[in-house]
Amino acid sequence: TPSVISYNAAISACEKAQRWLRAFALFREMRGRAVAPNTVTYSAIISACACSHHWELALGFLADMRQRALAPNVVTYSAAMCACQRNWQWERALHMLSEMRAEGLAPNAVSYTVAISACAQGGLWRDAVGMLAEMRRRRATPTAVSYVEAVDVCGHFGPWHLALAVFAEMQQHGFRPNAV
């Protein structure tokens, strides 16, 4: 009988290959064989939901995880945030960032980048720039996507000079304008 570690590896492989139906089937099989999913399992299946544009399922898996007394970690939250953000559920993604913080978890570069993208979707340029600054303060290195999303939201909804300032900072940190 495969172990939880084997199932986690298989579900993660399916998620990376964007074979979400197979990932879901493995999750069901795992439960049918009484192999208890752990935080890694839930993080992987929630990531598969993000890839397949099933944000509702991602939130369902997050709720199921909590019902089983498993605490989501930063990876789990980031995956759920990504599932929401990719489906224009930017308010839900930002709410999850707040939940993560309330549970004492420090956002990582992925969490911040997804949150900045969610801010861009909502036209929240001040929040996006604030998160970029917080990211640097907390030593979570901004990515090219973090910068591009912040430049984009400032360019569309905020002051143009701030968009240029973020753009200049992006270049100072070694990101080329055509990297994204």
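Where a number appears in this text, it was derived from the coordinates with a stated rule and is not lab data. These numbers come from a predicted model, not from an experiment. Here the Cβ is made from the backbone with ideal geometry for all residues, glycine too, and neighbour counts use every protein chain on show.
What relative contact order, as a whole-number percentage, does the chain give when Cα pairs under 8 Å and 6 or more residues apart are counted? Mind dumping the intermediate values first?
Working: 257 pairs, mean separation 23.5, N = 180.
It rounds to 13 percent for the chain.
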Can you put 51, 154 in order, fewest other beta carbons within 10 Å first? 51, 154
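Mean residue ellipticity at 222 nm from the helices of the chain, using -39,500 (n - 2.57) per DSSP H segment of n ≥ 4 over the full residue count, to the nearest 500 deg cm²/dmol?
Working: 10 runs with 131 residues, N = 180.
Per the formula, -23000 deg cm²/dmol.
Can you tally the net charge around residue 66? Count Lys and Arg as +1, Asp and Glu as -1, for every other residue whose Cβ sits under 12 Å from the Cβ of residue 66.
Spelling it out: positives minus negatives among the neighbours equals -2.
Ranked highest first by average number of other Cβ atoms within 10 Å, how do 162-174, 55-67 line up? Can you show the working numbers first?
Working: 162-174: 15.3, 55-67: 17.7.
Ranking, from highest mean packing down: 55-67, 162-174.
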Between the range 4-55 and the range 159-174, how many Å separate their Cα centres? 39
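What percent does the relative contact order of the range 1-105 come to when contacts are Cα pairs within less than 8 Å and at least six residues apart? Display every interim value, and only then the final one.
Details: 134 pairs, mean separation 23.7, N = 105.
Computed over the range 1-105, the figure is 23 percent.
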Placing +1 on each Lys and Arg Cβ and -1 on each Asp and Glu Cβ in the chain, then taking the dipole about the Cα centre, the residue among 85, 175, 70 whose Cα reaches farthest towards the positive end is 70
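For the range 103-147, which trypsin sites (Lys or Arg not before Pro) pass both filters: DSSP loop (anything but H, G, I, E, B) and at most 11 other C-beta atoms within 10 Å? Each step should come with its number before you reach the end.
Details: sites: 126, 136, 137, 138, 139; in loops: 138, 139.
Filter output for the range 103-147: 139.
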Explain nothing, just the number: relative contact order of the range 106-180, from Cα pairs under 8 Å at least 6 residues apart, as a whole percent. 29
Take each of the peptides 17-25, 38-46, average the number of other beta-carbon atoms within 10 Å over its residues, and list them starting from the highest. 38-46, 17-25
Can you list the HN-Hα couplings for the range 99-116, worked out from phi with the Karplus curve (6.51, -1.76, 1.60; θ = phi - 60°), rounded to whole Hz and with x for Gly and Pro? 4, 4, 5, 4, 7, x, 8, 8, x, 9, 4, 5, 4, 5, 5, 4, 5, 5
